[in-house]
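Undergrad: First the structure, then my questions, so here it is.
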Amino acid sequence: MPFFDLSLIFEPAKQKGKQPNEISSPERHSLEARIDALVHLGYTVIAINHVVQSKFQQPAPDFGLRKRDGVIILRRLTIVLDEASEKGFGLTNNNASSLASYDIISLLPTTQTSFSLACLTHSMPGPLTAHIISLDLSSQPRLPFYLKHTLIRTAIRNGAVFEIPYAPALSPNDEHKRRNWWANAREVARVTHGKSILLSGGGQTIADLRAPLDVANVATLLGIAQNLARDALSTTPKSLVLRAQTRKTYRAVLSEPKLMLPSSTQRFFLGLDTNRYVNCRASGDGSHVYGRTSRSSHFAAAYRK
Amino acid sequence: MVRFKNRWLLVEFIPIDVRPTNSTAVTSKTVWNALKESVIFNFGETGWGAVGGSLTVKYFSPMTGICIIRVARDHHRIAWGAVTLITSLDGFRYIPRTVHVAGTIKKAQLAAIQHDREVVARLRSKYKTSSPGDEYTAYLTSSRANIEAIQE
């Protein structure tokens with residue numbers, strides 16, 4: 001199973017005389033170095049996380065990164081929602097074309113109102129869905145709002161995931177940050193029961209990166225079950241990335257299945273040939289039939305998602 | 001009777017800062033001290049009480065930066081978490097990466113030898129040397145002997 005790190009932070013430095021949609025060469029070097037380190041640690045899918053404060057205005061520049069074999073690099077947008085952004089933060093149809101350059105959109109609410117907005121409105125399927133709800137786990141000893149069960153449940157049903165970035169747990173010089181992280185990450189793990197959780201980096205430097213299974217082990221110390229902790233780095237982000245692709249398709253259709261009529265032998269195994277089906281059942285061999293039906297209903301369920 | 005069970009962590013320390021050549025080399029004692037500090041720092045006295053009795057660093061190779069850590073199986077996740085949360089050794093920053101978690105010393109040794117070979121192969125392809133009698137071959141032989149000499 002490939003491992004995913006969906007948060008390689010890119011915060012463009014504000015400099016005078018520099019276009020905001022330009023990437024400077026030290027910034028690119030830092031990104032390249034961190035990607036190399038992540039690849040060495042065993043990640044194969046990496047999302048560069050462009051963080052903007054309170055309002056989305058213009059897309060990140062083309063990073064112009066080196067191509068690497070077997071490594072997928074995605075683009076992700078995170079909008080930090082504060083009080084100023086409660087009236088609107090740029091996730092509108094006017095911006096749809098510039099938002100289409102991102103593979104994943106995520107929101108980081110810091111107020112109660114913006115949190116319920118993120119959970120209820122912006123997790124609904126559509127071209128502007130925010131699939132990741134990220135929370136600031138390290139700046140305050142307790143989260144600024146209560147994680148209401150109904151909100152969390154709605155968001156998860158709509159297909160959103162909650163992100164736990166592990167970088168603050170490693171901050172060597174700030175013990176408040178670490179303490180807050182342990183308390184708040186535990187809270188997130190508690191309300192989600194360990195499911196629909198995404199573990200990701202979220203660090204600014206190479207020193208903040210860790211190998212996937214090490215991160216999963218730290219997550220078990222938060223009270224997440226072993227298998228779920230591992231899923232939070234592999235299966236959850238994988239299905240998330242797939243789901244995020246549906247932003248760009250018509251009515252979230254990913255592929256067009258073709259109807260192929262089965263031949264008579266296949267009809268027999270599918271249980272469509274009633275005469276033979278009865279015989280088959282009489283001989284006590286109905287396993288094919290049940291196997292098929294359950295699998296097809298599984299597909300149907302996957303489709304409805 | 002049931003025997004006492006351990007976990008063997010094979011950890012690689014990836015350097016970030018370049019160490020000046022005149023600085024003292026990292027030894028297994030340094031790793032043990034950093035590990036102890038990290039356990040107490042992150043998991044407190046209770047954490048150290050749970051793992052401290054059995055925690056030993058059995059092997060450390062300064063060239064490839066790998067080490068083998070033994071810890072009692074019951075609370076090995078605390079020790080593993082503490083390894084992950086180490087940020088520096090002797091003031092120089094490192095990324096600790098757990099390569100393998102083994103239940104017996106034998107498997108840890110095999111994983112360590114395998115890992116050594118991979119690192120050497122990477123170095124060789126980087127510097128484009130593949131002569132059979134070079135320093136890497138000598139290193140592989142000696143490290144293999146050292147690793148196999150580890151006793152429980």
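Undergrad: Which residues, counting only those in the range A:185-205, are in contact with a helix residue (DSSP H, G or I) (Cβ under 8 Å, 6 or more places away or on another chain), open to solvent by less than 50 Å² (accessible area, probe 1.4 Å) and not hydroxyl-bearing (S, T, Y)?
TA: Result: A:A185, A:A189, A:V191, A:G194, A:I197, A:L198, A:L199, A:G201, A:G202, A:G203.
Undergrad: How about the range B:56-106: which of its residues are of a type in the set (F, W, Y) and either within 20 Å of A:A167 (Cα to Cα) or touching a residue at least 60 places away in the same chain (Cβ under 8 Å) (or both)?
TA: Matches in the range B:56-106: B:Y59, B:W80, B:F92, B:Y94.
Undergrad: So B:N33 clears everything in (1) open to solvent by less than 30 Å² (accessible area, probe 1.4 Å); (2) more than 14 Å from chain A (Cβ to nearest Cβ); (3) in a helix (DSSP H, G or I) except one condition, right? Which one?
TA: (1)
Let's see how each residue does on (1) open to solvent by 20 Å² or more (accessible area, probe 1.4 Å); (2) more than 20 Å from B:P15 (Cβ to Cβ):
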residue	(1), (2)
B:D90	yes, no
B:T104	yes, yes
B:K107	yes, yes
B:A112	no, no
B:V120	no, no
B:R124	yes, no
B:Y127	yes, no
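Undergrad: Quick one: which of A:L137, A:L65 is at pLDDT below 85 and either of a type in the set (A, V, I, L, M) or closer than 23 Å to A:A216 by Cα (or both)?
TA: A:L65
Undergrad: Read through the list (1) within 14 Å of another protein chain (Cβ to nearest Cβ); (2) of a type in the set (K, R); (3) part of a loop (DSSP other than H, G, I, E, B), then give the number of the only condition that A:R179 fails.
TA: (3)
Undergrad: Look through the range B:64-99, keep the residues that are β-branched (V, I, T) and part of a loop (DSSP other than H, G, I, E, B), and return whichever of them is modelled with the lowest pLDDT.
TA: Looking at residues that are β-branched (V, I, T) and part of a loop (DSSP other than H, G, I, E, B), I get B:T64.
Undergrad: State yes or no: is A:F56 under 21 Å from A:I152 (Cβ atoms) and in contact with a Phe, Trp or Tyr (Cβ under 8 Å, 6 or more places away or on another chain)?
TA: no
Undergrad: Please count how many residues of the range A:217-245 are touching a strand residue (DSSP E or B) at 6+ places or on another chain (Cβ under 6 Å) and open to solvent by 10 Å² or more (accessible area, probe 1.4 Å).
TA: 1
Undergrad: Okay, next question. Filtering the range B:83-104 down to residues that are over 13 Å from the mean Cα position of the chain (by Cα) and not polar (S, T, N, Q), which residue is farthest from the other protein chains (Cβ to nearest Cβ)?
TA: B:G103
Undergrad: Sort out which residues of the range A:113-130 are open to solvent by 10 Å² or more (accessible area, probe 1.4 Å) and touching a Lys or Arg at 6+ places or on another chain (Cβ under 9 Å), and write them in order of number.
TA: A:S116, A:P125, A:G126, A:P127, A:L128
Undergrad: Please go through (1) within 14 Å of another protein chain (Cβ to nearest Cβ); (2) at pLDDT 85 or above for A:P172 and return the number of the only condition it doesn't satisfy.
TA: Here A:P172 clears every test but (2).
Undergrad: Continuing with this model, one more query. Taking the range A:134-184 on its own, how many of its residues are surrounded by fewer than 16 Cβ atoms within 10 Å (Cβ to Cβ) and hydrophobic (A, V, I, L, M, F, W, C)?
TA: Qualifying residue count, the range A:134-184: 1.
The values are calculated or read from the model by the stated rules, or taken from the named source; none is laboratory data. Keep in mind the model is a prediction, meaning the values are calculated, not measured. In this analysis, Cβ positions are derived from the backbone assuming ideal geometry, glycine residues included, and neighbour counts consider all displayed protein chains. When the accessible area is computed, the model is the full protein with side chains, heavy atoms only, and any ligands, DNA or RNA have been set aside. Shrake-Rupley method; radii C 1.70, N 1.55, O 1.52, S 1.80 Å.
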